[in-house]
Amino acid sequence: FDSGAGSLDMLAGKVIAFGSVVAGVFGAGKLLNMADTYQMTTSRLNLMNDGLQTTEELQKKIVDSALNTHSAYQDTVNAVSKLGITTGDAFSSNDEIIKFVEQLNKQFVIGGTTVEGQSAAMLQLTQAMASGVLRGDELNSIYENAPTLIKSMADYMGVPVEQMRGLAEEGKITTDVIKNGILGASEETNKQFESMGTTF
């Protein structure tokens, strides 16, 4: 009995030690991934920084925006940096890009868009803005995942939502229409967002 108990204690000790090693390896891997992500994010922000603030200050503004909209920082910073790098002179400053993405995040919350839907809509929207027009699959993804964005653009253009597909086929939903439509709806978006309350 004593011999068996000693063997079990030794086995338990080895299992615990092995578990610690595995946890350490996976923990280190996650830590390295986080470090890589942070480095890539910082590099992209350096590329798009308009020089009106340091990169650290720019990151702080993006963190504040993500917190204000209850959104994931990494998704928010990815959208801001992608728009800053790919849309050229469409925005007047980094602050305007952050405000634009903040309005997008608020509309996602208002529309009840899932996390997956937010990622899909954000990807399609940034691609459309980089190319200069919103059409085809990009428009369909936004209709499916964030219809409130389409309504904001339609209101800006002064047309019913039903006409947006036709206008997209004609190439009339340009980067300026997307930007001005979303930013133009800011007052109403903010009012609706504030009325929703905060969930855990």
Residues of the stretch 87-118 satisfying the condition of being polar (S, T, N, Q) and open to solvent by 60 Å² or more (accessible area, probe 1.4 Å)
S92, T114
Selection from the stretch 171-181 of residues that are in a helix (DSSP H, G or I) and either exposed (fewer than 15 other Cβ atoms within 10 Å of the Cβ) or in contact with a Pro (Cβ under 9 Å, 6 or more places away or on another chain) (or both)
D176
Quick check on the stretch 106-116. Is at least one of its residues among the aromatic types (F, W, Y) and part of a helix (DSSP H, G or I)?
yes
Taking the stretch 129-146 as the region of interest, how many residues are in contact with a Gly (Cβ under 9 Å, 6 or more places away or on another chain) and closer than 13 Å to L104 by Cβ?
2
Do we find a residue being modelled with pLDDT under 90 and either closer than 30 Å to L52 by Cα or in a loop (DSSP other than H, G, I, E, B) (or both) anywhere in the stretch 132-141?
yes
Taking G184, is it out of contact with any helix residue (DSSP H, G or I) (no Cβ under 9 Å at 6 or more places or on another chain), at pLDDT 90 or above and open to solvent by 50 Å² or more (accessible area, probe 1.4 Å)?
no
Please go through the stretch 47-56 and give me each residue that is in a helix (DSSP H, G or I) and surrounded by 12 or more Cβ atoms within 10 Å (Cβ to Cβ), ordered by number.
M48, T55
Count of residues meeting criterion [under 24 Å from G84 (Cβ atoms) and open to solvent by less than 60 Å² (accessible area, probe 1.4 Å)] in the stretch 151-170
2
I need the full set of residues from the stretch 68-86 which are surrounded by fewer than 23 Cβ atoms within 10 Å (Cβ to Cβ), of a type in the set (A, V, I, L, M) and in a helix (DSSP H, G or I), in order please.
I85
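The values are calculated or read from the model by the stated rules, or taken from the named source; none is laboratory data. Predicted model only: the values in this text are computed from it and were never measured. Note that we place each Cβ from the backbone using ideal geometry, even for glycine, and neighbour counts take in every protein chain shown. The protein model used for the area step is the full one, side chains on, heavy atoms only, and it has no ligands, DNA or RNA in it. Shrake-Rupley method; radii C 1.70, N 1.55, O 1.52, S 1.80 Å.
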